[in-house]
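The values are calculated or read from the model by the stated rules, or taken from the named source; none is laboratory data. These numbers come from a predicted model, not from an experiment. Note: ideal-geometry Cβ built from the backbone for every residue, glycine included; neighbour counts use all protein chains shown. Just the protein is used for accessible areas: all its heavy atoms, side chains included, with ligands, DNA and RNA removed. Shrake-Rupley method; radii C 1.70, N 1.55, O 1.52, S 1.80 Å.
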Amino acid sequence: MEYPVYLQMTETENVVAVQGPSRFWEGQKLGQRVLQHDVVCHTWPERQRVLDMLEPDGPWTRISKESFNRVWSPGVEEPDLEFEAHVELARWTTFGISSKARWFARVTTLTQLRAALAWAKEREVPLLVLGGGSNMLLHGDVHALVLQVDIRGVDVSPQGATGAIVSAGAGEPWHGFVMQTLDEGWHGLENLSLIPGNVGASPMQNIGAYGVEVKDHFAWLDAVRIEDGALERFDTSNCQFGYRESVFKREERGKWIIVRVAFHLDRESPLRMGYGAIEHELASIPVERRTHRDVSEAVIRIRQSKLPDPTVVGNAGSFFKNPTVPAAVAQKLAEAHPSMPQYPQEGGAVKLAAGWLIEQSGWKGHSRETHGVHEKQALVLVHFGGATGQEVWALAQDVMASVHGKFGVQLEPEVNQIQMHPSA
Ligand SMILES: Cc1cc2nc3c(=O)[nH]c(=O)nc-3n(C[C@H](O)[C@H](O)[C@H](O)COP(=O)(O)OP(=O)(O)OC[C@H]3O[C@@H](n4cnc5c(N)ncnc54)[C@H](O)[C@@H]3O)c2cc1C
């Protein structure tokens, strides 16, 4: 079945758009009044209600999209969806490496997104979902439909005396969204200031910085299933967040497009200053006068001093994840390298600092003319101009092999490697 399915109740003007197996939009006319509900089905009886609606013998009859729109016209024309061919992607990714998309479309609504999915399905064209392009390395031309998700809008739903669930469309730029929440007094995301990219990708790898991760404030996300267009809601337990991980990078990889993400924020959320140099940055402000905005500004200053600005030099932030090793391995490494930073984790494993391992292997500041390893932060690979994705990947592999040779530790890329050229 393809979603949405439009239904009308016999002899009434009540309509339903079934968005997925556990989601429907309902419109009822009561005299002059119009009631609309977006229903997310959490329990079995609610899901059974959806199944009952879809039963052929019940009181609900399937109608066309046009009939549905005649009763419930949103009064807004959907902009036409354009499919461009052979689009240069350098400006769409922060690495800025030249690569061509076979097809490219920008979607701003759920309807457009579903139309694009149908277009690709009909032509058997693979998909590459693109947000802000700040966490991907394109190894060559992309033989796919590159779908740039630009669904916008921020929504606040107050909860209790001081809290709110604040949701944002996947296409909202992350930093702009964080600034907007702070402007409106909704606190919690300040330590995640200045992370590039868009809201939609933030749960993909559970973005994190300065002691906070998206999962710490996550409420829910809405995603469209690529296979049938069904709109589903995921809560924290379905997302299976981990360190730079979620279910969308593992079991559910390539199956969903995230369209909206919601966060639990609070006017009275505590300030988190115990990580990195935040406390030092705030030293001139008395503790009792420090605000969430101060923490955000401190994080911004620290990030600007350490990380290369992608508008100046191409990069995708940390190229590698910090590796985790068993305690016994960590113990041996500590004996051989007493100054090695180690961070014990719950369950006994130990996290190591990938940047330190790379630096000790002699790569910091390494240059291959068009690309190299950043001079201030060895975890970041940089593109000066003119490199191919494969050249950057060859450097990444050399770094991984060298760290493995010196320490016996296998590094893993954090950045998504995109290989969708015809020969791949
Ligand atoms: C200078 C710099 C600093 C950074 N610092 C940090 C940091 O501190 N912490 C951190 O965690 N990350 C950091 N990053 C990495 C990056 O900013 C984040 O991972 C960000 O969330 C990526 O968002 P994006 O919109 O650019 O995703 P993209 O690069 O466009 O996509 C990333 C992946 O998500 C998929 N995707 C994108 N949007 C959607 C969607 N709507 N639905 C389904 N799949 C989607 C893509 O297909 C791809 O696989 C940094 C990057 C840079 C350049």
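Suppose the filter is in contact (Cβ under 8 Å) with a residue 12 or more places away in the chain, within 28 Å of LYS351 (Cα to Cα) and open to solvent by 40 Å² or more (accessible area, probe 1.4 Å); does ASP235 pass it? Judged against the criteria, ASP235 is a match. Look at region 144-157: where a residue is on the phi > 0 side of the Ramachandran plot and a partner is in a strand (DSSP E or B), sitting 6+ places away or on another chain with Cβ atoms under 7 Å, you get GLY153/GLY169.
Checking each residue of region 165-186 against the condition of being out of contact with any helix residue (DSSP H, G or I) (no Cβ under 6 Å at 6 or more places or on another chain), more than 10 Å from the ligand (Cβ to nearest atom), in contact (Cβ under 8 Å) with a residue 60 or more places away in the chain and among the small types (Gly, Ala, Ser) gives at least one match.
Taken residue by residue, region 113-130 has no member that is touching a Phe, Trp or Tyr at 6+ places or on another chain (Cβ under 6 Å) and free of Cβ contacts under 8 Å to residues at least 24 places away in the same chain.
Give me a count of the residues in region 131-160 that are of a type in the set (S, T, N, Q) and more than 9 Å from the ligand (Cβ to nearest atom). Show your work before the answer.
Kept after step one, since they are of a type in the set (S, T, N, Q), are these residues of region 131-160: 134-135, 148, 157, 159.
Checking the rest, the ones that are also more than 9 Å from the ligand (Cβ to nearest atom) come to 157, 159.
Qualifying residue count for the region: 2.
For (1) open to solvent by less than 60 Å² (accessible area, probe 1.4 Å); (2) farther than 21 Å from GLU232 by Cβ, each residue gets a yes or a no:
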position	(1), (2)
LEU35	yes, yes
THR43	no, no
ARG47	no, no
SER64	yes, yes
PRO79	no, yes
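Of everything listed in (1) under 30 Å from ILE300 (Cβ atoms); (2) touching an Asp or Glu at 6+ places or on another chain (Cβ under 7 Å), the single unmet condition for SER98 is (1).
Restricting attention to region 222-232, which residues are open to solvent by less than 40 Å² (accessible area, probe 1.4 Å), outside any loop (DSSP other than H, G, I, E, B) and under 18 Å from LEU128 (Cα atoms)? Passing the criteria: ALA223, VAL224. The single condition among (1) closer than 24 Å to HIS217 by Cα; (2) open to solvent by less than 90 Å² (accessible area, probe 1.4 Å); (3) modelled with pLDDT of 95 or more that ARG267 does not satisfy is (2). In region 210-262, the residue that is farthest from the chain's Cα centre (by Cα) out of those that are within 14 Å of the ligand (Cβ to nearest atom) and of a type in the set (Phe, Trp, Tyr) is TYR210.
Name every residue in region 18-35 that is in a strand (DSSP E or B) and within 20 Å of TRP220 (Cβ to Cβ), in order of residue number.
Our first condition is that a residue be in a strand (DSSP E or B); within region 18-35, this holds for 18-20, 23-30, 33-35.
Across region 18-35, the qualifying residues are VAL18, GLN19, GLY20, ARG23, PHE24, TRP25, GLU26.
Selection of region 392-424 for residues being within 13 Å of PRO323 (Cβ to Cβ), assigned to a loop (DSSP other than H, G, I, E, B) and within 23 Å of the chain's Cα centre (by Cα) yields LEU411, GLU412, GLU414. Return yes when HIS337 is touching a residue at least 40 places away in the same chain (Cβ under 8 Å), more than 16 Å from the ligand (Cβ to nearest atom) and either more than 22 Å from LYS215 (Cβ to Cβ) or in contact with a Lys or Arg (Cβ under 6 Å, 6 or more places away or on another chain) (or both) and no when it is not. In short, yes.
Considering only strands (runs of 3 or more DSSP E) fully contained in region 108-221, which possess at least 2 residues that are open to solvent by less than 10 Å² (accessible area, probe 1.4 Å), among the aliphatic types (A, V, I, L, M) and closer than 20 Å to PHE83 by Cα?
Values: elements: 127-130, 136-138, 142-149, 154-159, 163-169.
Output list reads 142-149.
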